[in-house]
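Notes to accompany the following structure.
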Amino acid sequence: MHLTDIREKLAARPDLTRQLAQVKEQVATCIQCGTCSSSCPNAGFMDMTPRRMWRAVLMDRVDMVFSSQTFMLCASCYVCTLRCPRGLPLTGAMAELKQVAFGLDLDRFRRSTLFYKAFMDNIRQYGRVRETELMARYFLAVKDPRVPMSYTGMGIKLMAKHKLHPHLPSRGPGRLAPLFDRAKQQER
């Protein structure tokens, strides 16, 4: 995605622009020491270290930020936040970047967004994860028959070890629906 496309999408969504500004404010006092990068257990898998991510956020380089997978690979383990000498809420800032990316509906994060939505819908409905239904909903949302086929081998192994239990979907209101609704009201 080009910078102009991202900027146009941000201009059309003032709520996301405000959220991105909040991230910038959260990391405004970053001294670029690199403690977050050296602490991160997933830094080796990231295409940009967390330190570079924060620098890109501070420099308003939305093209760099949203062309990276760094914030999507954040495990939310809070090690960076705990070790930051400035006490910055880095894990929270990564979560905010994820929310902005989901809100922008960028193609590169489409599958992650669909999985997250299927996961949260599953929790909302049952109060826990029902793996079989979660994956079925995800595969239906992706609308690409190659995706479920790529998981076939793992599914067979899980069923052979009795780790995957097929459940029939149940209907009716979700157990946690009122809690989710209340949280959504408080976010506004």
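What to note about this one:
- Pair residue 73, residue 156: separation of 7 Å Cα→Cβ label points (nm): 3.1
- Cysteines not pairable in the chain (beta carbon separation under 4.7 Å absent): 30, 33, 40, 74, 77, 84
- Cα-based equivalent ellipsoid of segment 1-95: semi-axis lengths in Å, sorted from largest, via gyration tensor: 23, 14, 11
- Computed on the Cα trace of segment 109-187, the radius of gyration divided by the Kirkwood hydrodynamic radius gives Rg/Rh = 1.02.
- Extension gain from residue 58 to residue 128, taking 0.36 nm per residue of separation minus the Cα-Cα distance: 21.4 nm
- Computed log₁₀ I(q)/I(0) - Debye formula, equal Cα scatterers, no solvent, the chain, q 0.13 Å⁻¹: -0.84
- Rounded to whole Å, sorted largest first: equivalent-ellipsoid semi-axes of segment 82-135, Cα gyration tensor: 27, 17, 8
- Amide H contacts for residue 127 (H built 1.01 Å from N in the peptide plane; partners 5 or more residues away or on another chain; cut-off under 5 Å): 175, 176.
- Mean Cβ count within 10 Å, highest first, over the residues of peptides 56-68, 108-120: 56-68, 108-120
- Cα-projected label distance for residue 180 with residue 11, points at 7 Å along beta-carbon direction, nm: 3.5
- When you count the other C-beta atoms within 10 angstrom of each residue and take the mean per peptide, 33-41, 127-135 line up highest first as 33-41, 127-135.
Bear in mind that the values in this text are calculations on the coordinates, not laboratory data. Keep in mind it's a predicted model, so treat the numbers as computed, not measured. No Cβ is skipped: glycine too gets one built from the backbone with ideal geometry, and neighbour counts run over all protein chains shown.
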